[in-house]
1. In the range 41-104, carbon and sulfur make up what percent of the accessible area (probe 1.4 Å)?
2. With r defined as the distance between the Cβ atoms of Leu133 and Phe18 and R0 fixed at 25 Å, what FRET efficiency is calculated, to the nearest 0.05?
3. Counting each pair of different Cα atoms once, what's the Kirkwood radius of the range 79-118 in Å, rounded to one decimal?
4. Expressed as a rounded percentage, what relative contact order does the range 1-149 have, with Cα pairs under 8 Å and six or more residues apart?
5. So if the hydrodynamic radius of the chain is defined as the Kirkwood radius over C-alpha pairs, what does Stokes-Einstein give as its diffusion coefficient at 4 °C and 1.567 mPa s, in µm² per second?
6. Ser52 accessible area, nearest 10 Å², 1.4 Å probe?
7. Rolling a 1.4 Å sphere over the protein heavy atoms, what is the accessible area per residue of the range 1-149, to the nearest Å²?
8. Could you list the trypsin sites (Lys or Arg not before Pro) in the range 9-61 that lie in coil according to DSSP, counting only those with at most 16 other Cβ atoms within 10 Å of their Cβ?
Amino acid sequence: MSSSLLEMANRMVDRSPFNRWLGMSVLDAGPQGIVLAIQWREELISNPDIRSTHGGILAALVDAAGDYAVALQFGHPVPTMDMHVDYHRVATPGNLRVEGQIIHLSKRFATAQARVLDMEGHLIASGRGLYLLRSPQAPDATTVGAGVQA
């Protein structure tokens, strides 16, 4: 684990109010990728009958791990262009961790994959995202209307 990459990852993750609301923390960060975690709490429940974690939370974890894996290489978060998530099992109450890594890099885009695991190591969800490599700047009118997120 590189301490400078870990510090950078912590700064990027902590900047987001959504990440802070989730209680997201960085467990590891380095050239190989990133490992994030969240602590389970009642607000994450989708179905009170089975006490399952909402699929949107799992998708957000996949996206965050992919984005921050790319961001560690470029020094800033990057916009998500496309994302696919597969759900493998119900996420019941318990802390979650997500591992993200870059799997393809070109001049304009990066593809990253992520795996969400429960604390016993069971695969809960997985996915991959396509991220636009651009300089860190506020979106302008042409990108906002074109579906590009900042």
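1. 47 percent
2. The value I calculate is 0.65.
3. 12.1 Å
4. Relative CO of the range 1-149 lands at 22 percent.
5. Reported coefficient: 83 µm²/s.
6. The accessible area comes out at roughly 10 Å².
7. So the range 1-149 comes to 54 Å² accessible per residue, rounded to a whole number.
8. In loop regions of the range 9-61 (DSSP not H, G, I, E or B), the sparsely surrounded trypsin sites (Lys or Arg not before Pro) are Arg41, Arg51.
The values are calculated or read from the model by the stated rules, or taken from the named source; none is laboratory data. Here the structure is a predicted model, which means the values were calculated and not measured. Cβ atoms come from the backbone with ideal geometry, glycine included; neighbour counts cover every protein chain shown. Surface accessibility is based on the protein's heavy atoms, side chains included, excluding ligands, DNA and RNA. Shrake-Rupley method; radii C 1.70, N 1.55, O 1.52, S 1.80 Å.
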